[in-house]
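The values are calculated or read from the model by the stated rules, or taken from the named source; none is laboratory data. If you're wondering where the values come from, they're calculated on a predicted model, not measured in any experiment. No Cβ is skipped: glycine too gets one built from the backbone with ideal geometry, and neighbour counts run over all protein chains shown.
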Amino acid sequence: MLLYPDQRPFAIGASSITFRPATERESTPRIFVRVSFGGVETQAFVDTGAPHPVVHPEIANLLDLDPDSALSHERYQIRRDFVDGHLHRLQITLVAEAGDNLDVEATVFVPEIRPDQDWSDFPSILGLRVFLEQIRFAIDPSEDRFYFGADEVIDLVDE
Amino acid sequence: MTDVAHHPKSALETEAYLGTEWSRLLEKAPTATSGSYARAHPFLEDTDGDILRSPRIQERVEHEGFYHGGTIVWSLARDLFPREPTTDECADLAMLELAAAAEAGDETAFLRTVNVMSWDTRPAEDFARAIRLALTAGAHLKAQRLAELGTANYPHHAELQRMAHVLAPPRVIAKKAPARPGTRADSEWIRTNAERYRGQWVALRDGELQGTSDSFEGLVRQIGNPKDTGVLVTKIS
């Protein structure tokens, strides 16, 4: 596992990544990481332009999320589109194939798909700004590996 | 540009901010040519952009470089009010600017305004509103900060507590769950079979295909609810 020069661990776990387009309409390969949203394991693609993790709405339907404790969010921008939905608090697990899993309670966005919208082609997302940026991660493309870790106390960066 | 025709607040909310002055201000605003600036401002829909069509405002926009909805209203209010706005009116105009920046999806303008506002004396309702506006503006970390500050100032305010809970920074709740080496085989399976199963939802466990379907719903019908089973469900794009 990765270490700092003083031998403190940088990462506590690692998993394999796969490269493929985010949707069937695209051709640019994206980084997909194995993740558990509230106990449902899926692959989410790493989107450095996204703030929160985004849970595919059909996966979210399996999680019995409490609407009373959610925060509605209109016009949430996901890549080039705006969608309405809700912010929830949810346990996210970065699933390790080496080392230890990393369990994080975090804010996720769940799109509320209107009948005229189609989300079926879109995957779940691991956003950078409000999630990945606040833990530690590294990617080794030569080994197709995603390393992750976190301090006990997470410091935020002021806007 | 966002379509402001569906914004629910407009004149009523504006009146709440500016009181009776707003009505007089509306009466004084002459109607002239159309202006695109109205579309960026959420509080002017009921006026059909009349204020921003006025030559006087257009002149201000052209000569002073104002283009932001909230700034235009500020300028107009200062011109037409018979007296200087009170401190409260200034503060509420700042909320107007926040709303305009949020409606325009302008995170930079939102942060510029919110960072110079004094939040020590703001009521809890302003915190709640500013948090929602921050989310709309895309200022997610600022929403988090406002929620923290709001609950610190109003620890018994239920809505602010809920917001602070939902928006709290990520919290590591466990670090010692054991690894599952078999999950590597699932990634290998996807690398090997992605082309063949493109467009399909698949379920995998330790590199073994458990099910496949055109839809997520169809996959769950085959394999049951995958929650807490360790089965990977994903769409191959």
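Here are the numbers for the structure shown:
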{"read-out": "Subset of region A:1-50 [more than 8 Å from chain B (Cβ to nearest Cβ), in contact (Cβ under 8 Å) with a residue 12 or more places away in the chain, in a loop (DSSP other than H, G, I, E, B) and of a type in the set (S, T, Y)]", "value": "A:T48"}
{"read-out": "Identity of the residue in region B:146-176, among the aliphatic types (A, V, I, L, M) and not in a helix (DSSP H, G or I), that ends up surrounded by the most Cβ atoms within 10 Å (Cβ to Cβ)", "value": "B:V172"}
{"read-out": "Unique residue being touching a Pro at 6+ places or on another chain (Cβ under 9 Å) and at pLDDT 90 or above when the list is B:A203, B:A164", "value": "B:A203"}
{"read-out": "Considering residues of region B:177-205 that are under 36 Å from the mean Cα position of the chain (by Cα) and assigned to a loop (DSSP other than H, G, I, E, B) only, the residue nearest to the other protein chains (Cβ to nearest Cβ)", "value": "B:A177"}
{"read-out": "Filtered residues of region A:102-140 (kept if among the aromatic types (F, W, Y) and more than 9 Å from every other protein chain (Cβ to nearest Cβ))", "value": "A:F109, A:W119, A:F137"}
{"read-out": "Every residue from region A:98-127 that is under 18 Å from A:T42 (Cα atoms) and part of a loop (DSSP other than H, G, I, E, B)", "value": "A:N101, A:W119, A:S120, A:D121, A:F122, A:P123"}
{"read-out": "Test: residue in region A:14-36 that is more than 30 Å from A:D151 (Cα to Cα) and at pLDDT 90 or above", "value": "no"}
{"read-out": "Number of the condition not met by A:G99 [criteria: (1) facing chain B (nearest Cβ under 10 Å); (2) more than 18 Å from the chain's Cα centre (by Cα); (3) surrounded by fewer than 20 Cβ atoms within 10 Å (Cβ to Cβ)]", "value": "(3)"}
